[in-house]
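The values are calculated or read from the model by the stated rules, or taken from the named source; none is laboratory data. Model, not experiment: these values are computed from the prediction. Cβ placement follows ideal geometry from the backbone for every residue including glycine, while neighbour counts extend to all protein chains displayed. For the accessible areas, the whole protein counts, side chains as well, though only heavy atoms, and no ligand, DNA or RNA atoms are used. Shrake-Rupley method; radii C 1.70, N 1.55, O 1.52, S 1.80 Å.
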Amino acid sequence: MNEPLHIRTMAEFAAAGEVPEVLFWVGCAGSFDDRARKISKAFVRILNAAKVKFAVLGQEESCTGDPARRAGNEFLFQMQALNNVTVLNGYGVKRIVTACPHCFNTLKNEYPALGGSYEVLHHTQFINALLKEGRIKVEGGNFKGKRITFHDPCYLGRGNGEYEAPREVLLKLDAALVEMKRSRANGLCCGAGGAQMFKEAEPGNKEVNIERSEEALGMQPDIVAAGCPFCNTMLTDGVKHFNKEGEVQVKDVAELIAEAGDL
Amino acid sequence: MIAQVLFTALLLAGALLFARNFMRVRRNILLGRDVTINDRQGERWALMARVALGQSKMVVRPLAGILHIIVYAGFVIINIEVIEILIDGMFGTHRVLSFLGGFYDFLIGSFEWLALGVWVACVIFLVRRNIIKLKRFVMKELDGWPRTDANLILAAEIALMSAFLVMNAADLTLQQHGIEHYREAGSYPVSAWIAEQASFPAMVSGTLVLIERACWWFHIIGILAFLNYIVVSKHLHILLAFPNVWYSTLRPKTELVNMPRVTGEVRSMLDPSVQPPVVVAHTVAGVEMAERFGAKDVFDLSWKQLMDAYSCTECGRCTSVCPANLTGKLLSPRKIMMDTRDRLEEVGKVIDAKSKWEDDGKSLHVRITEEELWACTTCNACTEACPVNIDPVGIITDLRRYLVMEESRTRPALTGMFNNVENNGAPWAFGPDQRMKWTEQ
């Protein structure tokens, strides 16, 4: 589990005159946040198991600018975006996969207006395709029979209409998928979006992540599944708030697949 | 004859007043920034058919949705009857369309059932607002006029439907009495019952004619008055829902529209050989206005965003699913829309009085506080919930853009995040040299 991973960068691919199948856009959370790093590693294990020839940008990756844009700093967003587009186009990148719905939304929907058009996939969509193509196989495994409730990330679900991919992947675990009342298009935000992740919440009588975690815990799950590093943080904190971290795990869809059959 | 002249005069006056006020709303909407929305027209017509005409987002909440469809269908279909009322009123005829025979019976019968349905639905709506006091109908932003407005609309619809049914009850009784002018026509499933309960058959013809005429005049004057009330109330949604859905965004909900002028500025910053864009001034309401970064006032929002504000009927479905509002924060997406509309009305009154815009020293930010704006998670639950595809998140983002880019006002932690992104390329204080560390642990 803890051995260093050797991951090739776009620069290395370019130097070798090779083209990867897909670029893994790790994202800032996936690169720097301790919890989210585990999601990045789990996803890499899946990519390796499926023998996907992928690259990362490494030091050349920079924030997509999403939090700056949502917080009203359009200048900073566009500085980031234009620089990233230059790097991506410089390598001739065609296809990107990311484990962060915010990066996903920005790369997919907002970069085209700035000269960067790519095929962009959320990692749950990518994993789902690998499973369908038979490039990885997961049937039951360590999470067989567990109660799992999936929290829809706003930027994947409501924002981009993708509700099925993460659920189709989870169904492979042979687990009992239980839906919260507020799910899919009616899913409740974890509280991190719109740059809230990086600031104190405004005054109120409850934290949004507590409201959401309460609903998730109400499903009596063994696992709360997430598809976004920020949702993951918010829900992990929420589960801790109710002192349930011993019984209920908050896991990314990629981690569940990677750990199900020890990929 | 006098009645016919009076009727025609009233009709003309009502229609002219409506046209004048409606053009005023149109002028106010066009105070917004120009945007072109005419792509993918086939999809837009289909969306309008589904969401506005077909009420698809209303029935997400089945009880309110079905009751609303009854009122909506009733309103539209019973207005076919108004065609007959108009002809009768202008030419002194009575039930001029009764030559349609069996079909006429069918129409009048359906109108009666619908009128009863509207009546019952409006009573239930009043109960939900005033007795059950559903949370979204008793929130602070509805205090005062908005609550009265809602109740007035429901009361008016109940009064109009009552007049329609009582008119029919008197008419039917007169038909049964064999009074000339009241020839036998139509089928009256609901008003027959009303006539019986009110002992109409026992009344003399003179009284019945008086009741029938009084209700007829009340009904048509009521409709004209209501038509004019619509334009100055939240009830405008019955007209604007259709164009508002047609022009609504077909983009993914979380996609923010690019600001091309910023792109120009940033390109010139990154490459000194690129000239910065020329700031274009627009003449709005007789005044030259420079383009701003983000929105300070209604002039900085697009006309579509202003149409959104006028299309809002304050149902509060947005606010009832807003994570910020649910957890006690100040933000209410409905209030954002109401504030935008109220500010636009305020601006419109200045323009009415002075025939051009004169700065009144106020702006949208006088009504919408920073605490509200910074509470939004941009989760788009509000846009998903809105039955007429209003987008409060776009307005919130434009107001934030103004605060940040024109006033340098933000939350302290966000300033830190901006600095990190600018200096390290990440929202946290980790540099690019640490980007690959996750692979080593």
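A few remarks follow.
- Members of segment B:146-201 that are surrounded by fewer than 19 Cβ atoms within 10 Å (Cβ to Cβ) and under 14 Å from B:Ala214 (Cβ atoms): B:Ala159, B:Ser162, B:Ala198
- Leading residue by the ranking (nearest to the other protein chains (Cβ to nearest Cβ)) among those in segment A:9-23 that are closer than 26 Å to A:Glu133 by Cα and in contact with a Gly (Cβ under 9 Å, 6 or more places away or on another chain): A:Thr9
- In segment A:66-77, the qualifying residues are those that are of a type outside the set (A, V, I, L, M, F, W, C) and at the interface with chain B (Cβ under 7 Å from one of its Cβ atoms), and the one that is nearest to the chain's Cα centre (by Cα) is A:Pro67.
- Among the residues of segment B:366-392, the ones that are assigned to a helix (DSSP H, G or I), open to solvent by 20 Å² or more (accessible area, probe 1.4 Å) and more than 10 Å from chain A (Cβ to nearest Cβ) come to 2 in all.
- Residue list for segment B:264-300, filter: more than 25 Å from B:Leu31 (Cβ to Cβ), touching a helix residue (DSSP H, G or I) at 6+ places or on another chain (Cβ under 9 Å) and surrounded by fewer than 16 Cβ atoms within 10 Å (Cβ to Cβ): B:Met269, B:Leu270, B:Val274, B:Gln275, B:Pro276
- Filter pass, A:Gly58 being surrounded by fewer than 24 Cβ atoms within 10 Å (Cβ to Cβ) and more than 9 Å from chain B (Cβ to nearest Cβ): no
- Extreme residue, nearest to B:Thr249 (Cα to Cα), among residues of segment A:104-125 that are away from every other protein chain (no Cβ under 12 Å) and open to solvent by 10 Å² or more (accessible area, probe 1.4 Å): A:Ser117
- Counted residues, segment A:191-244 - those being open to solvent by less than 30 Å² (accessible area, probe 1.4 Å), more than 8 Å from chain B (Cβ to nearest Cβ), touching a Phe, Trp or Tyr at 6+ places or on another chain (Cβ under 9 Å) and not in a helix (DSSP H, G or I): 6
- Residue count for segment A:78-93, restricted to those that are facing chain B (nearest Cβ under 8 Å) and over 20 Å from B:Gly431 (Cβ atoms): 2
- Segment A:126-141, subset basic (Lys, Arg) and in a loop (DSSP other than H, G, I, E, B), residue modelled with the highest pLDDT: A:Arg135
- Lone qualifier among B:Asp359, B:Asp352 - being open to solvent by 40 Å² or more (accessible area, probe 1.4 Å) and either touching a Pro at 6+ places or on another chain (Cβ under 8 Å) or part of a helix (DSSP H, G or I) (or both): B:Asp352
- Leading residue by the ranking (surrounded by the fewest Cβ atoms within 10 Å (Cβ to Cβ)) among those in segment B:222-252 that are among the polar types (S, T, N, Q) and not in a helix (DSSP H, G or I): B:Thr249
- The lone exception for B:Arg411 - which of (1) over 30 Å from A:His151 (Cα atoms); (2) touching a Phe, Trp or Tyr at 6+ places or on another chain (Cβ under 6 Å); (3) open to solvent by 40 Å² or more (accessible area, probe 1.4 Å) it fails: (1)
- Segment B:394-441: number of residues that are assigned to a helix (DSSP H, G or I), among the aliphatic types (A, V, I, L, M) and either at the interface with chain A (Cβ under 7 Å from one of its Cβ atoms) or touching a strand residue (DSSP E or B) at 6+ places or on another chain (Cβ under 8 Å) (or both): 7
- Residue check, A:Lys251 open to solvent by 10 Å² or more (accessible area, probe 1.4 Å), in a loop (DSSP other than H, G, I, E, B) and of a type outside the set (A, V, I, L, M, F, W, C): no
- At least 3 residues being assigned by TED's automatic domain parsing to the domain that holds B:Gly222 and surrounded by 14 or more Cβ atoms within 10 Å (Cβ to Cβ) is the threshold, and among the helices (runs of 4 or more DSSP H) wholly inside segment B:1-105 those reaching it are B:2-29, B:62-91.
- Residue check, B:Ile108 open to solvent by less than 30 Å² (accessible area, probe 1.4 Å), assigned by TED's automatic domain parsing to the domain that holds B:Leu10, among the aliphatic types (A, V, I, L, M) and at pLDDT 90 or above: yes
- Test for A:Leu23: is it in contact (Cβ under 8 Å) with a residue 12 or more places away in the chain and open to solvent by 10 Å² or more (accessible area, probe 1.4 Å): no
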